[in-house]
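Chemist: Just passing along the structure, written as structure tokens.
The values are calculated or read from the model by the stated rules, or taken from the named source; none is laboratory data. Quick caveat: nothing in here was measured; it's all calculated off a predicted structure. Glycine also receives a Cβ, built like all others from the backbone with ideal geometry; neighbour counts cover every protein chain displayed. Just the protein is used for accessible areas: all its heavy atoms, side chains included, with ligands, DNA and RNA removed. Shrake-Rupley method; radii C 1.70, N 1.55, O 1.52, S 1.80 Å.
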Amino acid sequence: MAITFNADKEYDIIAIGRACIDLNANEYHRPMEETMTFTKYVGGSPANIAIGSAKLGLKTGFIGKIPDDQHGNFIKQYMSEKGVDTSNMVFDTEGRKAGLAFTEILSPEECSILMYRDNVADLYLDPTEVDESYIKQSKVLLVSGTALAKSPSREAVFKAVSLARKNDVKVIFELDYRPYTWKSQEEVSIYYSAIAEQADIVIATRDEYDVMENRQTKGDNQETVNNLFQHKAELVVIKHGVDGSYAYKKTGSTHHGKAYKTQVLKTFGAGDSYASAFLYALMNGKDIETALKFGGASAAIVVSKHSSSEAMPTVSEIEQLIKDQSVD
């Protein structure tokens with residue numbers, strides 16, 4: 001059985017949260033201290049998911065705050081050019097800046113991100129800047145966990161989720177845990193759990209669920225889904241890296257999707273591309289098994305390329321990879 005969405009909505013997905021700047025190392029296999037040049041891209045998990053979804057053909061919008069400067073102009077222009085509606089992106093008027101993410105590519109297995117997230121515009125999205133008339137036009141509100149790290153962005157997200165539930169808009173929570181934005185794991189657990197309990201679909205890695213559950217050791221998938229199914233969730237996706245991903249439905253079925261082989265360049269960007277393709281498949285009436293294949297294949301394509309947002313694949317690229325690695 002496929003997941004159903006309200007067809008009488010103008011937008012497929014409206015994402016809320018951070019849109020920032022990625023500066024990806026051009027020199028591979030060397031530490032950042034020795035990296036001299038970087039290429040600029042739009043980044044931020046919900047922005048990447050919106051861009052990836054739009055590239056796949058979904059009608060996508062975005063709610064977020066960006067700086068009133070050249071970086072903010074670049075973010076808005078790029079997202080608009082990629083087919084994302086930016087009418088509800090607001091410019092910060094207090095001189096705050098875009099978040100910057102410098103990436104280090106030491107090897108396919110060893111990559112790191114150096115983040116600059118102090119006083120960033122996206123965490124100052126105010127609840128008054130979240131428009132009910134906009135959210136109610138969408139089948140899905142996609143929430144990214146980093147937007148919960150500080151006020152007033154935190155309250156803006158809670159307001160958006162409340163408006164989505166009021167207006168028959170499915171809430172999808174992508175945990176997107178970034179430790180450097182939070183004060184403590186206790187804080188993460190409180191706010192992640194509060195949103196997860198309001199979400200129809202929850203997507204994350206096993207490690208991210210462990211953070212949400214405030215665990216010090218690896219948790220159990222069944223325990224995680226049993227807890228979430230006591231609330232609003234009808235589908236829970238738990239990703240296990242090279243072991244693939246698992247989707248659990250409230251009706252009791254469990255589905256496994258494999259990880260696709262690829263020539264890995266870097267490790268970042270996989271989660272965002274996974275989410276955009278997984279949701280594309282669901283919203284086009286495909287079953288869970290197919291959606292898992294789309295998510296896994298899309299992630300494999302993005303980790304083989306230099307960027308995250310710019311590398312988001314097309315439907316034909318995803319289908320071709322699935323076909324190439326299918327077992328007769």
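Chemist: What FRET efficiency comes out for the pair residue 32/residue 128, r = Cβ-Cβ distance, R0 = 30 Å, nearest 0.05? It would help to have the intermediate numbers written out before the result.
Modeler: Values: r = 39 Å, r/R0 = 1.30.
Rounded to the nearest 0.05, the efficiency is 0.15.
Chemist: Using Stokes-Einstein with the Kirkwood hydrodynamic radius over Cα pairs, what translational diffusion coefficient do you get for the range 268-326 at 20 °C and a viscosity of 1.002 mPa s, in µm²/s rounded to a whole number? The partial results should precede the final answer.
Modeler: Values: Rh = 11.0 Å.
D = 195 µm²/s.
Chemist: While we're looking at this one, here's another question. How much accessible area does residue 250 have with a 1.4 Å probe, in Å² rounded to the nearest 10?
Modeler: Spelled out: residue 250, probe radius 1.4 Å, area about 90 Å².
Chemist: Same structure, new question: Over the range 174-328, one equal point on each Cα, no solvent: what is log10 I(q)/I(0) by the Debye formula at q = 0.13, 0.16, 0.18 Å⁻¹?
Modeler: Listed by q, the Debye log ratios stand at -0.60, -0.89, -1.10.
Chemist: Between residue 70 and residue 317, what is the spin-label point distance in nm, taking each point 7 Å from the Cα along the Cα→C-beta axis?
Modeler: 2.8 nm
Chemist: Report, largest value first, the span of the C-alpha coordinates of the chain along each principal axis, in whole Å.
Modeler: Result, largest extent first: 49, 45, 40 Å.
Chemist: Please pull out the direction-averaged projected area of the range 216-257, using the convex hull of its alpha-carbon atoms, in nm² to one decimal place. Walk me through the numbers before you get to the answer.
Modeler: Numbers: hull surface 13.1 nm².
That works out to 3.3 nm².
Chemist: Moving on to the next point. Antiparallel as a % of all DSSP beta bridges within the chain, to the nearest 5?
Modeler: On the way: 21 of 55 bridges.
Percent antiparallel among DSSP bridges in the chain is about 40.
Chemist: Expressed in nm to one decimal, what extension gain is obtained for the pair residue 287 and residue 81 from 0.36 nm per residue of sequence separation less their Cα-Cα distance?
Modeler: Numbers: separation 206, 0.36 × 206 = 74.16 nm, distance 3.07 nm.
Stretched fully, the residue 287-residue 81 segment lengthens by 71.1 nm.
Chemist: How large, in percent, is the carbon and sulfur part of the accessible surface of the chain at a probe radius of 1.4 Å? It would help to have the intermediate numbers written out before the result.
Modeler: Numbers: 6430 of 13530 Å².
Ligands and nucleic acids excluded, carbon and sulfur give 47 percent.
Chemist: Where only protein heavy atoms count, and the probe is 1.4 Å, what is the accessible area per residue for the range 58-131 in Å²?
Modeler: Working: 3430 Å² over 74 residues.
For the range 58-131, the per-residue accessible area is 46 Å².
Chemist: Listed here are the pairs 76/136; 150/183; 139/323; 139/286; 40/305; which of them are more than 18 Å apart at the Cα? Walk me through the numbers before you get to the answer.
Modeler: Working: 76/136 22 Å; 150/183 9 Å; 139/323 30 Å; 139/286 16 Å; 40/305 14 Å.
Beyond 18 Å: 76/136; 139/323.
Chemist: Between residue 187 and residue 162, how high is the FRET efficiency from 1/(1 + (r/R0)^6) when r is the Cβ-Cβ distance and R₀ = 30 Å? Nearest 0.05.
Modeler: Details: r = 21 Å, r/R0 = 0.69.
Efficiency, from the Cβ-Cβ distance: 0.90.
Chemist: Residue by residue, what Karplus-based ³J(HN,Hα) values in Hz, rounded to whole numbers, does the range 45-57 have, using 6.51, -1.76 and 1.60 with θ = phi - 60° and x for Gly and Pro?
Modeler: Computed from phi, the couplings for the range 45-57 are 3, x, 5, 4, 5, 4, 5, x, 5, 4, 5, 7, x Hz.
Chemist: How compact is the range 15-142 by the rule of thumb for globular proteins, expressed as Cα Rg over 2.2 N^0.38 Å? Mind dumping the intermediate values first?
Modeler: Details: Rg = 15.6 Å, N = 128, 2.2 N^0.38 = 13.9 Å.
In units of the 2.2 N^0.38 Å rule of thumb, it is 1.12.
Chemist: Can you list which of the trypsin sites (Lys or Arg not before Pro) found in the range 74-127 are DSSP loop residues with at most 14 other C-beta atoms within 10 Å?
Modeler: Values: sites: 76, 82, 96, 97, 117; in loops: 82, 96, 117.
Answer in residue order: no site qualifies.
Chemist: Ok, one more. Would you mind calculating the relative contact order of the range 259-323 from Cα pairs under 8 angstrom and at least 6 residues apart, reporting the percent as a whole number?
Modeler: On the way: 91 pairs, mean separation 26.3, N = 65.
About 40 percent, as a whole number.
Chemist: Rank these residues by their accessible area, most exposed first, probe 1.4 Å: 205, 35, 4. Please list the in-between numbers first.
Modeler: Values: 205 45, 35 10, 4 100 Å².
Greatest to least solvent exposure: 4, 205, 35.
Chemist: Can you tell me the convex hull volume per residue for the range 128-231, based on C-alpha atoms, in Å³ to the nearest whole number? Intermediate results must be reported in sequence, preceding the final value.
Modeler: Numbers: hull volume 9.2 nm³, N = 104.
Taking only Cα atoms, the range 128-231 has a hull volume of 88 Å³ per residue.
Chemist: Next question, about the same structure. Counting only residues 5 or more places away or on other chains, whose amide H sits under 5 Å from the amide H of residue 44 once H atoms are built in the peptide plane?
Modeler: 20
Chemist: 7 Å from Cα along Cα→Cβ at both residue 231 and residue 6: what's the point-to-point distance in nm?
Modeler: Output for this residue pair reads 2.1 nm.
Chemist: Rolling a 1.4 angstrom probe over the protein heavy atoms, how many square angstrom per residue are accessible across the range 154-264? Walk me through the numbers on the way to the answer.
Modeler: On the way: 5080 Å² over 111 residues.
Per-residue value: 46 Å².
Chemist: Over the chain, what is the mean sequence separation of C-alpha contacts under 8 Å (at least six apart), divided by residue count, expressed as relative contact order in percent? Could the numbers behind the result be given before it?
Modeler: Details: 752 pairs, mean separation 57.3, N = 328.
Reported as a whole number, the value is 17 percent.
Chemist: For a quick check, take a GNM of the chain with Cα springs below 10 Å and name the residue from 115, 79, 36 with the largest mean-square fluctuation.
Modeler: So, out of 115, 79, 36, the one fluctuating most is 36.
Chemist: Further, regarding this structure: 222 nm [θ] for the chain, helices only, -39500 (n - 2.57) per DSSP H run of 4+, per residue, to 500? Walk me through the numbers on the way to the answer.
Modeler: Details: 10 runs with 108 residues, N = 328.
When only DSSP H runs of four or more count, the value is -10000 deg cm²/dmol.
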